[in-house]
Amino acid sequence: MFENEGLLKRRLDKTELDVRPEGNAGLTSEVFPAAPANEKYQRILDAAVEVIAEKGYFNAPISAIAARAGMADGTVYLYFKSKDEVLRTAIDQYVERFHQRVIERFKEVHDPREQLEFIAETHLESSSVNRATAIVMQTEVRQSAKFIAEFSHHHLVKYIQVVREVVRRGQQQGIFRQDISDGVVAHCMFGAIDELLSSAVFTGRVYDAKATAKQVLDVLLNGITQNQGTGY
């Protein structure tokens, strides 16, 4: 989930977002060269997320990650230079998969309201699909000012830009109000979902992603005042 040039080597297929004023929410499926398929490589990433979620980043040595992955410590270093790189790569992979799902869905769904709902639903699903990843994203990433800065400067910006483009197209089509800042809408949407995910992580609550996404979008687009219409 982090892109700090010189620190992170991209090892997996990457899907970048090209924010454009027109088109399908600024999404493009430009793919970076793939690293050779390696089952050990993926085992290390999965083990790192599990161990860090259980023990915390600072209490999760490479030896524990290697043990969970079923290999020697030295094997981990054949693929990654450090624990930092393992975590960055694992989170980067998770976020790129999220964006890939959005790209694919937007090929079929063109209504801005439905696109926003899909982003919200996919974001909310993370806590139920992979709880360990949700814990890492909602807690461990935020333990380091450096991690937060990297996340904000790349992946959060990308998320916000995608939502902004959807909102702008909705405004151009006369679906959304013209006098509302697309940036404010995007940050409100991310903030609401992020807080729900934190609640799920800290309390163990399980949300129905689809139903909750509909509620978030209903509040975002219609507010909570009565007699403003139902649905969107």
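Rule-based calculations on the coordinates, nothing more; no lab input. Because the structure is predicted, anything quoted here is derived from the model rather than measured. Note that each Cβ is placed from the backbone with ideal geometry, even for glycine, and that neighbours are counted across all protein chains shown.
Shape summary: the stretch 92-175 maps onto an equivalent ellipsoid whose semi-axes, from the alpha-carbon gyration tensor, are 26, 15, 10 Å in decreasing order. Rounded to the nearest whole Hz, the Karplus-based 3J(HN,Hα) values (6.51 cos²θ - 1.76 cosθ + 1.60, θ = phi - 60°) of the stretch 140-147 follow the sequence 5, 4, 8, 7, 10, 4, 5, 4, with x at glycine and proline. Modelled label positions at Arg177 and Ser128, each set 7 Å beyond Cα in the direction of Cβ, lie 3.2 nm from each other.
Here the gap between Val109 and Glu195, fully extended at 0.36 nm per residue and compared with their Cα-Cα distance, gives a gain of 28.3 nm.
Using the Cα gyration tensor of the stretch 110-232, with a ≥ b ≥ c the square roots of its eigenvalues, what is the shape: rounded (a/c below 1.5), prolate (a/b larger than b/c) or oblate (neither)? It comes out oblate by the Cα gyration axes.
A viscosity of 0.890 mPa s and a temperature of 25 °C, combined with the Kirkwood radius over C-alpha pairs in the Stokes-Einstein formula, give the stretch 15-222 a diffusion coefficient of 134 µm²/s.
Quick one: pull the percentage of alpha-carbon pairs in the stretch 42-111 with a separation above 18 Å. Percent of Cα pairs beyond 18 Å in the stretch 42-111: 42.
The string of couplings for the stretch 66-75 from the Karplus curve (6.51, -1.76, 1.60, θ = phi - 60°) is 5, 4, 5, 7, x, 8, 6, 4, x, 5 Hz, one whole number per residue in order, with x for Gly and Pro.
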